[in-house]
Structure formats: structure tokens, C-alpha cells
Amino acid sequence: MPASVNRRTVDLSQFPDLVVVYLGMRVNRVTGLKTLIGFGPRIAKSVADQPDGLLRHENFILSLFPMHAGMRQYWPDMDSLLKWTRSDPHRQWWKNFLRNSGGTGFWHETYTMRGGMEAIYDDIAPKIGFMSFAPIVPARGSMFTAAHRSSRSENLEPVVSEQDLYGK
């Protein structure tokens, strides 16, 4: 009896440095609804502007209560992703969020074709993702930036420096 399921896969050999990043924003307080809803149009515009290197962007809902929205992005390499994070509008969003989370929590998890992984969880109270099984440590020093957490050798300037954020 032949299979009735149309099974397909993809050949990723043309993307040896592929990076997949999952991002999420969770409403922690009622005021966070306004923050989350306000980000929707801005993110849609940044995707429509086709940032250099962005291969694909997809939105999804993780939960309705509390509201927890997410997105998945595919980048050809970590350099493209890091370059975008250090440019506007992302740079400004990140600076503003780190000053005031607006009643939300934000997280991302990054996975690379070459086997690297890294994550950040800002104002995320329930243990999700890697937090649910790996030791949780402060995002300070060598754990402060995604570039360092993913073991990048070059010394990229962070969007917001540790000194600017913590005053030390």
C-alpha cells in the first residue's frame, strides 16, 4: 500500500551558515498589551523594508492569556543578523526596551547551522525554552551580548553597553 502522505524536505546545503532566531514578547502587566500591539506595525514595516540578509519572517501566537506573541526569522549567517540588530530601527527598539519594558517580557533563542545556540530572557518570569532545563545566569560580562553568548571571536560593540545599562 503506497503512502498517502506527501513527504518533502529541503536541501540546506546552499546555507552552511544559516541562522534561525525565535523571538517572543509576553505581556506581564495590562500596560504590556499596548506595548505588544504597538510593536506589530513597526515590525511589519521593518520586514516589508526587506533588511539585508533576512530570508524569511513568520509570526505566531504562543498563548492568548497571558498574551505571548512570537516570530521566527531565518538569516543566511550570524553576521547579517548582528549587522541588522546594530542598525535602526532595531537598535532604537532595543535601547528603549532596556530602559522600560512597557509591561512586557522579551526573549530570543538563536540556533545556527554550525551548531551554536544562545538566548536571552528579559523580564520573563515563567521558565521557558532553555531556561526550563539549563542553569540560569545573569546576562553580564561574557554573557551580556548575543555575539559573545554564541562564541563569536570578534569584539562587536553591543547595541547598549553593559556600563550604560547598569551604570558600572
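Structure values in brief
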quantity	calculated
Listed peptides 120-131, 156-167 by packing density, highest first (mean Cβ within 10 Å)	120-131, 156-167
Cα gyration tensor shape of region 1-85, rounded if a/c is under 1.5, else prolate or oblate by comparing a/b with b/c	oblate
Förster-model FRET efficiency, 22 Å R0, GLU58 and SER142, C-beta, rounded to 0.05	0.10
Full-stretch length increase - ALA134, TYR74 - with 0.36 nm per residue and alpha-carbon distance subtracted	19.2 nm
Residue-averaged 222 nm ellipticity for the chain, from DSSP H runs of 4+ at -39500 (n - 2.57), nearest 500	-7500 deg cm²/dmol
Stretch gain in nm, segment HIS90-ILE37, where the contour uses 0.36 nm per residue and the Cα spacing is subtracted	17.4 nm
Global form of region 19-166, assessed from the alpha-carbon gyration tensor, a/c cut-off 1.5	rounded
The chain: DSSP helices with Cα axial extent of at least 18 Å and average Kyte-Doolittle hydropathy no lower than 1.0	none
HN-Hα J in Hz across region 4-21 - Karplus 6.51, -1.76, 1.60, θ = phi - 60°, x for Gly and Pro	9, 8, 8, 8, 9, 9, 10, 9, 9, 4, 7, 10, x, 10, 3, 10, 10, 10
Order of PHE144, PHE15 - criterion: other Cβ atoms within 10 Å of each residue's Cβ, fewest first	PHE15, PHE144
Average Cα contact separation per residue, region 44-165, under 8 Å, 6 or more apart, as relative contact order %	18
Under 5 Å, built H, 5+ apart or other chain: amide partners of LEU54	none
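Computed from the coordinates by the stated procedures, all read-outs in this text should not be read as laboratory data. Keep in mind the model is a prediction, meaning the values are calculated, not measured. Here Cβ is always computed from backbone atoms with ideal geometry, including for glycine, and neighbour counts include all displayed protein chains.
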